[in-house]
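Enquirer: One structure is given below, represented as structure tokens, and several questions about it will come after.
The values are calculated or read from the model by the stated rules, or taken from the named source; none is laboratory data. If you're wondering where the values come from, they're calculated on a predicted model, not measured in any experiment. Glycine gets a Cβ as well: all are built from the backbone with ideal geometry, and neighbour counts include every protein chain shown.
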Amino acid sequence: MFRDALSVLPRVHIAFAVKANPNLAVLKLRAAEGYGADVVSGGEMDRALAAGIRAEGIVFSGVGKSAAELVRALDAGIGQFNLESEEEGIELAALAAARGLTASAALRVNPDVDAGTHGKISTGKAENKFGVPYDLAAGMYARLSALPGLEMRGLAVHIGSQLARLEPLERAFARMGDLMRTIRAAGQAITHMDLGGGIGVPYKAGDVFPAPADYAAMVARVTADWDVTLMFEPGRVIAGNSGVLVTRVIRVKPGVTVPFVIVDAAMNDLARPALYDAWHDFIAVTPSGERMVANIVGPICESSDTFAMGRDIDAVKPGDLAVFRTAGAYGATMANTYNSRALVPEVMVDGDRWAIVADRIDPAAILAAERVPEWLV
Ligand code: LLP
């Protein structure tokens with residue numbers, strides 16, 4: 001378990017990245033387990049608070065926090081703002097000072113390290129929109145530290161998601177350590193260092209990923225003399241393997257080389273294959289023992305609605321149930337209603353107990369929220 005692995009580190013705060021799985025019941029579980037929350041919108045903040053996660057344990061990340069969101073977060077008393085620009089810090093300081101408050105903040109730095117993951121989920125290269133440029137960070141930190149309304153307490157870094165190797169993380173953390181020492185030498189305080197999330201999980205049976213214990217050992221080595229509270233924002237490594245997407249085979253039709261298995265799940269339910277060419281293992285709920293090679297596709301009218309091409313899978317036939325594995329992170333949370341499809345319901349399973357923890361949202365409910373202007377009637 002990730003949390004247990006990090007217990008080798010002296011002072012730790014783990015903020016679950018709500019974006020990975022924001023279901024209320026899941027967040028309740030996180031609260032009970034003692035996690036804080038990493039949120040990137042007012043909506044995520046409301047969910048974390050509704051689940052009983054303490055405001056002081058919430059980190060507000062995100063490159064485009066609006067003034068209204070900053071105010072709501074200040075009023076809620078959230079624990080740390082991860083600033084993505086000097087401009088954001090100046091705005092937050094003014095909003096806090098006007099309320100007689102002091103906002104605790106960290107400056108997110110872009111370390112210009114290649115995370116070695118899919119380009120669409122890399123965040124720590126100089127050309128990415130996240131954080132402030134490494135070479136400008138110390139100057140910004142000094143200026144922000146001088147502002148009333150703001151208590152600068154640390155630095156934050158997050159170089160990307162689904163990282164398969166620890167080496168880019170280690171390089172980024174080492175650079176952050178150097179920057180921390182520079183800032184301290186200039187006379188500013190640093191008591192917290194937020195090392196982000198990003199640890200990958202195996203999606204394909206047989207893939208080997210760094211274990212949480214290896215990650216913890218690397219962090220312990222790099223941060224041995226930092227003397228700070230270390231903060232983490234993991235999402236996938238906690239939630240990824242806790243969920244599957246259940247689907248039913250609608251039909252099997254012949255293809256030029258291999259058949260198409262058409263399932264009733266689609267890219268609107270699980271967007272990762274369409275967006276990032278991601279692999280999700282597909283297994284029959286009741287395997288017959290036979291195998292087949294097939295393309296697995298959904299019903300949406302786009303070729304990108306393809307889960308797998310030429311995949312060796314359990315043989316399935318119309319009506320069979322199957323699952324896409326490792327859908328607990330960035331699964332239902334990224335669902336949409338494209339092609340006027342329903343939003344998937346979510347079911348929590350605990351041993352032999354289960355409960356529906358999110359209703360299916362039917363297309364009729366979405367249609368009911370739409371209005372026709374009177375000039376068209
Ligand atoms: N902290 C920050 C600032 C982040 O941007 C993210 C993820 C996390 C923490 C959590 O990262 P994790 O530990 O889960 O890797 N939809 C994509 C993943 C996008 C991740 C965005 N940021 C996917 O399905 O692969």
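Enquirer: I'd like to know if region 309-330 contains one or more residues that are over 26 Å from LYS253 (Cβ atoms), surrounded by 13 or more Cβ atoms within 10 Å (Cβ to Cβ), of a type in the set (Gly, Ala, Ser) and within 16 Å of the ligand (Cβ to nearest atom). Please lay out each step first, then the result.
Expert: Step one: of region 309-330, the residues over 26 Å from LYS253 (Cβ atoms) are 326, 328-330.
Among the residues that remain, those that are also surrounded by 13 or more Cβ atoms within 10 Å (Cβ to Cβ) are: 326, 328-330.
Filter again for of a type in the set (Gly, Ala, Ser), leaving 328-329.
Within this subset, residues satisfying the condition of being within 16 Å of the ligand (Cβ to nearest atom) are 328-329.
Within region 309-330 (the criterion being over 26 Å from LYS253 (Cβ atoms), surrounded by 13 or more Cβ atoms within 10 Å (Cβ to Cβ), of a type in the set (Gly, Ala, Ser) and within 16 Å of the ligand (Cβ to nearest atom)), the answer is yes, since at least one residue qualifies.
Enquirer: Let me ask something additional. For the structure I just gave you, tell me whether GLY177 is away from the ligand (no atom under 14 Å from the Cβ), farther than 30 Å from PHE324 by Cα and assigned by TED's automatic domain parsing to the domain that holds ALA17. Steps first, please.
Expert: Working: away from the ligand (no atom under 14 Å from the Cβ): yes; farther than 30 Å from PHE324 by Cα: yes; assigned by TED's automatic domain parsing to the domain that holds ALA17: yes.
Judged against the criteria, GLY177 is a match.
Enquirer: Pick from region 1-13 the residues that are in contact with a helix residue (DSSP H, G or I) (Cβ under 6 Å, 6 or more places away or on another chain) and under 20 Å from ARG54 (Cβ atoms): which of them is surrounded by the fewest Cβ atoms within 10 Å (Cβ to Cβ)?
Expert: Within region 1-13, the match that is surrounded by the fewest Cβ atoms within 10 Å (Cβ to Cβ) is VAL12.
Enquirer: Could you grab me the full set of residues in region 208-225 that are crowded, with 18+ Cβ neighbours inside 10 Å and in a loop (DSSP other than H, G, I, E, B)?
Expert: PHE209, PRO210, THR223
Enquirer: Would you point out which residue out of GLY206, GLY240, GLY187 is at pLDDT 95 or above and more than 25 Å from VAL40 (Cα to Cα)?
Expert: Residue meeting the stated conditions: GLY187.
Enquirer: Ok, one more. With the requirement that a residue be of a type in the set (Phe, Trp, Tyr) and touching a Leu at 6+ places or on another chain (Cβ under 8 Å), what does region 277-313 give you?
Expert: First pass over region 277-313, keeping only residues of a type in the set (Phe, Trp, Tyr): 279, 282, 307.
Passing the criteria: only PHE307.
Enquirer: Follow-up question, since we're still on this one. Of all residues in region 1-28, which are within 21 Å of VAL40 (Cβ to Cβ), touching a Pro at 6+ places or on another chain (Cβ under 9 Å) and not in a helix (DSSP H, G or I)?
Expert: ILE14, ALA15, PHE16, ALA17 - these are the residues of region 1-28 that are within 21 Å of VAL40 (Cβ to Cβ), touching a Pro at 6+ places or on another chain (Cβ under 9 Å) and not in a helix (DSSP H, G or I).
Enquirer: Turning to a different aspect of this structure: For VAL237, which of the numbered conditions (1) more than 16 Å from the ligand (Cβ to nearest atom); (2) under 16 Å from HIS158 (Cα atoms); (3) crowded, with 21+ Cβ neighbours inside 10 Å fails to hold?
Expert: For VAL237, the failing item is (1).
Enquirer: Here's another thing I want to ask about it. Which one is surrounded by the most Cβ atoms within 10 Å (Cβ to Cβ) among residues in region 93-139 that are within 18 Å of GLU167 (Cα to Cα) and touching a His at 6+ places or on another chain (Cβ under 8 Å)?
Expert: GLY124
Enquirer: Still on this structure, please answer the following. Working only within region 225-264, note down all residues that are closer than 24 Å to GLY200 by Cα and small (Gly, Ala, Ser).
Expert: Hits for region 225-264 are GLY235, ALA239, GLY240, SER242, GLY243.
Enquirer: Give region 138-169 a look and list any residue that's within 16 Å of the ligand (Cβ to nearest atom) and not in a strand (DSSP E or B), or say none.
Expert: VAL157, HIS158, ILE159, SER161, GLN162, ALA164, ARG165, LEU166, PRO168, LEU169
Enquirer: Something else about it: Test each condition in (1) touching a residue at least 40 places away in the same chain (Cβ under 8 Å); (2) touching a Pro at 6+ places or on another chain (Cβ under 8 Å) for VAL323 and report the one that comes out false.
Expert: Going through the list (1) touching a residue at least 40 places away in the same chain (Cβ under 8 Å); (2) touching a Pro at 6+ places or on another chain (Cβ under 8 Å), VAL323 breaks only (2).
Enquirer: Another one. Out of contact with any helix residue (DSSP H, G or I) (no Cβ under 9 Å at 6 or more places or on another chain) and within 16 Å of the ligand (Cβ to nearest atom): is that true of VAL59 in this structure?
Expert: On the way: out of contact with any helix residue (DSSP H, G or I) (no Cβ under 9 Å at 6 or more places or on another chain): yes; within 16 Å of the ligand (Cβ to nearest atom): yes.
Taking the combined requirement at face value, the residue satisfies it.
Enquirer: Next question, about the same structure. When only residues in region 267-307 that are among the hydrophobic types (A, V, I, L, M, F, W, C), within 16 Å of the ligand (Cβ to nearest atom) and crowded, with 22+ Cβ neighbours inside 10 Å count, which is nearest to VAL201 (Cα to Cα)? Talk me through it step by step, then tell me what you get.
Expert: Initial filter on region 267-307 (among the hydrophobic types (A, V, I, L, M, F, W, C)): 267, 270-271, 274-275, 278-279, 282-285, 292-294, 296-297, 300-301, 307.
Checking which are within 16 Å of the ligand (Cβ to nearest atom) leaves us with 267, 270-271, 274-275, 278-279, 307.
Restricting the remaining residues to those that are crowded, with 22+ Cβ neighbours inside 10 Å gives 267, 270, 307.
Numbers: MET267: 21, LEU270: 17, PHE307: 18 Å.
Of everything passing the filter in region 267-307, LEU270 is nearest to VAL201 (Cα to Cα).
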